[in-house]
Structures are given as structure tokens and as C-alpha cells.
Amino acid sequence: MARAQCIAAMKRAIGRDPTAKELRDIEDRLRANMRELAVRDPVRASSMSARQRLDAAAKLAAQQLVAEAAKDKQRVALSIIARQRLDQYISGHPKGPAQAIDDLVAFNPRSTAGVMSIETRARAISRNAERQLVELWEQGGDRFLGLFQDTAGLETLIREIHGEDTGNPDAKRAAEQWHRVAESMRQAYNDAGGKIGKLDDWGMPHHHSPEKVGRAGKDAWVLETRQLLDRDRYRNDDGSRMSDAQLDEFLGHAWLSIASRGANKIEPGQFRGDGMRANRHAEERQIHFRDAGAYIEYQRRFGDQGLFQVLTGHVRSMAADLALVEVLGPNPDHTMRWAIDEAQKREATTNPLESEKVAERMRGIEKLYNIVAGRGEPIADRRIAGWADALKNTLVASRLGSAIISSIGDESTMMLTSKVNGISYARVFMNEIQALNPANQTELRLARRTGLALDTMIGTLARFGDADLAQRTGRIANAAMRASGLNAITEARQRAFGVTMMDAIGHLTRTRGWDQLHAGDLPILQAKGITPTDWRIWRKATPEDWGNGNRPLTPESIAAVDDATIERIIGNNDPAAIRMARRDAMIRLIGVVSEEVDMAVISPGVRDRARAALGQTRGTLRGELVRSVFLFKSLPLAMIARHWGRASTMSAGSRAGYIAALLA
């Protein structure tokens, strides 16, 4: 009777008979809400009648539907704005629609289109988060070139992240950093159209090794995992705890999803894609561990990534998705599909005889986009890929010990990049000498808090153990690079160039308005997507004093600009708009500096890696052979491609001098 009454009420509300799917959806929502209410307050839930529980669940459902309607409205508006912005950008690109999409997807040193690529934006968002986690990274330990770490210290940190008081103030501060940064990324994602609820008991993302879970077998995995769970998180509609049998049934489905990498959810014949990117990360955690000790035990048994790999993986995944939805709207894959089709149509209409070449180029851009979006081709055979990685790591450890000698060539690219950006190479060199001083820990810490010099630090952080040969040889290869001094000098050069460039930007913001910038500075900033609004916010930030004449404009100084000032600059008092304007100013500063640091001290990007792979699939003999051929060639190829590309945008005389200096 109650169900019939519900159906009748729903019919009156929507003016027609509800479909079977609509009925199933509302029933699922009500059941989920009853379970959620039981988890929140099991004593109250158990004392309520069935009708009272249903009424409470229905009230919660009504609130959810109102919130979802508002979110849908926001997403429609953001999608329209993104489409209009993209259409205007494509139409105004000086080199045509195809080049417009190419420049938008990945960093291109040839680009003068006035846009920051999605690749650069994603990296800048990640850097902005990682720089705020310096104390977290420092908890990783770094003994004997990163080959050994403080396991006890790591477990202390995990306990603090899960809300346990260990009495360790350093670990507590690091855990607070993590929660603050994760929450700010969640908020930014929701501002851009995402929908991630806030879970009170969320500590950190979970990681499962499909291989280990699968090898354990369903029954053994279910039994071991059940013993580690927080049973209070698993409730029936009436508030009672799930029985062992009920929980085992749920875990059995979870085992199949993890072991099959989600293949069990495939509906044959249906389109498979990521769907709306803004819906990602919204699923509530379904496996709730009892405490930090249970999480640690599970990771030792069924994980192949350690604490820092899990945390950096979460940050970088969120950063990539944030960049996509902020540039392309809540459904970036759909928007990019439209943009590629629109560009191909315009190009082919303009020159019908080149339509086949245009189609081939657009296919290449789509592949590049998939890599940037974190959706590369699957690995054909993980065993082959693992053995190939182990071999490459061994070759790196045994053959690149003398690479520090050939790295002297970095000075030439630093000199060229300094000249292009109008900064003093002598100043860069002096900052490099200071950065090489091992006693200069203050400058190192300041640089890390700015987003510079983080790669080496994060790259040496611990796993719970060496799960396979590739991981063990990888740590040996990294130790060899550190022992040779290559990592130290590369990091010093990156810090030196980054600090000098931030100092130059800081000097400009103190002395010139947007309309007063020199003809040599304005085009560089505009080409990278810096707007007059960004510049006005930058000017309100107070550069930091690092001593030795360096007063760089940093993300931290931009973060200190108060809301009232940004409100006056953007003419909008909406808190979300103010947050986004401040974030954009910080992200674009990091992005501009990161691009030029990577030009000065070559670090291959998405475009370079895709070029070196020649379209071959990982985990195949052919694919791994191609990768091995380019193992020691990707860096010089990236150097040539980037600087030759930059030279091609110059006048004939400037180009000749630039290339001559590069060849010398």
C-alpha cells in the first residue's frame, strides 16, 4: 500500500505515470538515504518506525533533488560559457582552427595564441597543491639516497591523517596540511561544476592492487578485508548492522570490480567513455576501514603503492580533472569532441583538397588530448611492461652516472631562454651558484614553498615496500642519479631560473601597469594567457624578500591579497568568483614560470613523450623496443623540438642568431 501511495504521489507530481527506471531510481535513493541516516545516528534510526524512517529519507531526498537542480543549472551555464569562449578562441586563432585546438591541449613553444594549455594548467594546479604540502613530503624520510625510509614515521603520519593523535607535532601539522589542501581542491572542483560531497570520516584515498587482490582469490580477500572494516558504516534500512553474510555479498562485488579493473561493469553494446568529468570523484568511499592500523595492514597485504604515491596520485588526478573542467566546462570530453569536429569542418571547407591531411592531424590531436586527460591506451601486457621498465631502470643506473658532464649544455638553453624573457643570465647564474650551496637550506625551503624544486623531493618518497622488480630497480636508478650529482645540479638550475623569473615579474608588477608594459614583455605575457585582471591582482601582491637582491612574486604572496581588493578588481562580490580569480592569478603565475623553466632546463612534456612513443602500445614487444630506442634520446629530441619551434616564431635575423647560439 505504501509503495502504491508513493507511485500515486509521484504521478501527481510529474503529471504522468512514472517509468520503471524512475521508480527504481527513487527507491534506490530512499534506501540509500535510510542507510545513511542509520549510519549518522544508529540509535535514533533503530527507535523510529518504518514510516518515520521513510519520511526522513524522503525529506533528505527532497533536499538532494533541490541541490541537484541547482547544480544542473550551474553546469548548463558553465557549459554555455565554455563553448562560447572556445568558439571565440578558435575563430580568432591566427593559424587556423586545427592549430588552435593543438595549442589549447598541450604546451607548444610556437604558440602566440594567448592561451595557457590544458597540460600547463593541470601541472600548475598540481604544483600549487604540492607546494603547500612541503611539511608532508618532509615526513617521508630520505636516508641513503632515498633507498631507505623511516617506516615508523610513515605509519605515524598515516595515523594522524586518519584523525588519531600520535603526539607527534610534525606529523600533525603535515596531516593538517593534507586535509586543508584536499578540501581546497574539492571546493575548486565544485566551483567549476563538480559535485563532491564532504565526508566527515574521509582521511585519504584508498588504493588497491588489482593483481594482488585477484591473486588472493575472492573468498580469502573478502574474509581478510571484512576483519579490517568499520562495521558501524554498514547498516540496513532499519538501522541494524549488516550481517557477515550481507557484508560478504557486498565485498564479493567489490572484489570482482577491483580484480577485473571494472570490466564487470561493462554493458555490451553501450557507449563507453568517461561521461561527465564533473561527476568524477563524487562516489562516496565504499570500503571504510576501522582505523589507521587497519588501513596500513590492508595496504601491506593488497596495495602496491605507498602513502606518498597515493597522495600525489590523488592530487595530480584532481589537478588534471580541474584543468579540464575549468577550460572546457563540466563535460570536457563532449566539448573537445565538438571543438575537434568544428575545427576539422572549418579547415576542410577552406581547403577541400587537404581534407584527408586535416582528418589525420585531428586524429593526432585527439590522441594528444586523451593523454592529457589521463586516458592513454591500456597496457597490453603488464608483465612485459614491468620487465621493460626494470631493464630501462637498470640501464639508467649503469650508464647515466656521467650524464652530469653532458648536462653542461643546460647552461646554453638557460642563456637562450633568459634572453627571450628579458632577464639577466648573469643573475640566473649567480642564483644557481647560491642554490648549489648545500648549506643554503633557507633558499631551498622557500623555493619548495613556491612550487620549485619539488620533483626530486617527491620522486624519492617511500612505498610500503618494493612490490616488484620495476619498483626496486627504479629506486636504484634514482639513487644512482642522486649519487652522481645530476639531480642536485638539475634542481639547482630549475630553482635558479624560476626564482630569477619570478623576481623579474615581481619587479614589473611593482613598477608598471598593464598598459605600461614594454613591447618585449607584453606579448610574452599575452601569449601565455595572462589577462589584465591577473596583472592587477599580481600588482596588489607584495613580492617576498629572499635576500641577495631577489624579491620574487610568489603564489603565496598572491594568496595573501584580501577578498575586498579582488572584489574591487573583478567587480563581483560572489565568494566563488573571488576564490576563482585568486586561484587563476596563482595558477597562471606558476604556469608561466613552469613553462619557461622547462624550456631553460629541458623536461620533456606530453607532446615530447607522445612523439618519442611513435604511437606504439605499452606492454608489447614492439612498443617496448621503440621506447628503449628513445630511452636516452627523448631529452635531446625535446630540446631540439622546443627551441627550434620557438625560433620559428622569430624574425629572420633573430631566428638565425637564436639557432646559431643553440647549435654552438
Give me the one-decimal Kirkwood hydrodynamic radius in Å for the stretch 21-146, with the sum taken over alpha-carbon pairs. 20.2 Å
So which lysines pass the test for Lys528, namely a Cα distance under 24 Å, with those fewer than 8 places away in the same chain ruled out? Lys95, Lys367, Lys419, Lys540
With a 1.4 Å probe and every protein chain left in place, tell me how much accessible area Trp338 has, in Å² to the nearest 10. 60 Å²
Amide H neighbours of Asp230 under 5 Å, at least 5 residues apart or on other chains, H built in the peptide plane: list them. His288, Phe289, Arg290
Got a sec? What order do Lys95, Lys218 fall in by accessible area at 1.4 Å, biggest, i.e. largest, first? Lys95, Lys218
Going by Cα centres, the stretch 68-91 and the stretch 588-639 are how many Å apart? 33 Å
Order 536-544, 104-112 from most to least packed using the mean count of other Cβ atoms within 10 Å. 104-112, 536-544
Kindly sort Glu356, Glu22, Glu297 by accessible area of their heavy atoms, largest first, with the probe set to 1.4 Å. Glu356, Glu297, Glu22
Report His253's accessible area, 1.4 Å probe, all protein chains in place, as a number in Å² to the nearest 10. 120 Å²
Residue-normalised accessible area of the stretch 493-608, given per residue in Å² at a 1.4 Å probe: 37 Å²
Where the stretch 23-148 is the region considered: accessible area per residue in Å², 1.4 Å probe: 50 Å²
Over the heavy atoms of His507, what accessible area does a 1.4 Å probe trace out, to the nearest 10 Å²? 90 Å²
With a 1.4 Å probe and all protein chains kept in place, how do Arg241, Arg588 rank by accessible area, largest first? Arg241, Arg588
Residue-normalised accessible area of the stretch 295-438, given per residue in Å² at a 1.4 Å probe: 49 Å²
Heavy atoms only, probe 1.4 Å: what % of the accessible area of the chain goes to carbon and sulfur, would you let me know? 54 percent
Can you tell me the order of 445-452, 514-521, 642-649 when each peptide is scored by its average per-residue count of other Cβ atoms within 10 angstrom, highest first? 445-452, 642-649, 514-521
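What is the projected area of the convex hull of the Cα atoms of the stretch 606-664, averaged over all directions, in nm²?
4.6 nm²
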Relative to the compact-globule scaling 2.2 N^0.38 Å, provide the ratio for the alpha-carbon radius of gyration of the stretch 495-645. 1.33
From the mean inverse distance of alpha carbon pairs (Kirkwood) and the Cα radius of gyration, derive Rg over Rh for the chain. 0.97
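The values are calculated or read from the model by the stated rules, or taken from the named source; none is laboratory data. Every value quoted in this text rests on a predicted model; they were computed, and no experiment measured them. As a convention, Cβ positions derive from the backbone with ideal geometry for all residues, glycine included, and neighbour counts pool all protein chains shown. Heavy atoms of the whole protein, side chains included, go into the accessibility calculation; ligands, DNA and RNA do not. Shrake-Rupley method; radii C 1.70, N 1.55, O 1.52, S 1.80 Å.
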